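Some notes on the structure that comes next.
The values are calculated or read from the model by the stated rules, or taken from the named source; none is laboratory data. It should be emphasised that the depicted structure is a prediction, and the values quoted were computed from it without experimental measurement. In this analysis, Cβ positions are derived from the backbone assuming ideal geometry, glycine residues included, and neighbour counts consider all displayed protein chains. SASA here: full protein model, heavy atoms, side chains in, ligands and nucleic acids out. Shrake-Rupley method; radii C 1.70, N 1.55, O 1.52, S 1.80 Å.
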Amino acid sequence: MKRYASLAAGLLLLVVGSAARAEDAKPFITNKDVDLTMILPPPPANDSAETKAELGEVLTMQVTRTPEMEARAIADAEENVWRFADVMGPNFNKDKLPKFSAFFDRVVETEGAVVDPAKDVWKRLRPHQLSDLVKPVVKLSSSGSWPSGHATVGTMMGIILSDMVPERRAEIMARAAEFAHNRIVGGIHYPSDVEMGKISGSVIAAVLLNRDDFKAEYDVARAELRSDLGM
């Protein structure tokens, strides 16, 4: 029993330590560096014809999505680069890539630092907040819907990861597009939220890739990844 207790304690420390490292991650930039309210148009009004049409698209997806699509959308609700494992291969895992992992923790934090203030300005209601007919299969959120943070970070991760491994660019970017689209499948975003997220992610990634502080950590993460993948 003592052996199992020690093992459990060790696992707990590992989990807590991993969580602490992720929480310590600092964004590379914030909304002071990229102000999305100056780049994106405002969202359609809640009572506009466009929003009503998009609500119809969300409801159509709701009755046509398969259990497999729902499971994929639920899994993709997690915002981290390891969701690309299915196109990166068996060696692509957190335990083998500590520097790469810490680098992408900062990429994820950057999305929130840039996108969340814009969401707070626009405060677009999500589909389930406008219609009781919408039944999301992913965790509910009351934060602004415009732009989609998941679509933003998925696009950012896809662009940066494919820059590191251009040999798999097509597969990586297709996976990034699916990651973004799964917010519609999950019933938590409108299609236009996702499109604005893709634009946001592209803009943020372009800014990051031209910053010296980002490139210094990028080079280390890239080298670790390519070595682990045998490239």
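A few points about this structure:
- Apportionment of accessible area to carbon and sulfur, the chain, percent (1.4 Å): 58 percent
- Here the scattering of the chain is modelled by Debye summation over its C-alpha atoms, one equal scatterer each and no solvent; at q = 0.07, 0.10, 0.14 Å⁻¹ the log10 of I(q)/I(0) is -0.25, -0.50, -0.92.
- With every protein chain in place and a 1.4 angstrom probe, the accessible-area ranking of Asp105, Asp163, Asp120, largest first, reads Asp120, Asp163, Asp105.
- Rounded accessible area of Arg168 (nearest 10 Å², 1.4 Å probe): 60 Å²
- In Å², nearest 10: area of Trp146 left accessible to a 1.4 Å probe: 10 Å²
- For Leu55, Leu161, the ranking by accessible surface with the largest value first comes to Leu55, Leu161, using a 1.4 Å probe.
- For the chain, the 222 nm mean residue ellipticity estimated from helices alone, with every DSSP H stretch of n ≥ 4 adding -39500 (n - 2.57) and the total spread over all residues, rounds to -21000 deg cm²/dmol.
- Here's the picture: charge each Lys and Arg Cβ at +1 and each Asp and Glu Cβ at -1 in segment 183-231, and of Ala205, Ala223, Tyr190 the one pushed furthest to the positive end of that dipole is Tyr190.
- Per residue, the solvent-accessible area of the chain (1.4 Å probe, heavy atoms of protein chains only, all protein chains present) comes to 50 Å².
- Ordered by 1.4 Å accessible area with all protein chains kept, Thr155, Thr60 run largest first as Thr60, Thr155.
- DSSP H segments from the chain that extend 15 Å or more along their own axis, Cα-based, with Kyte-Doolittle mean of 0.5 or above: 2-23, 149-164, 191-208
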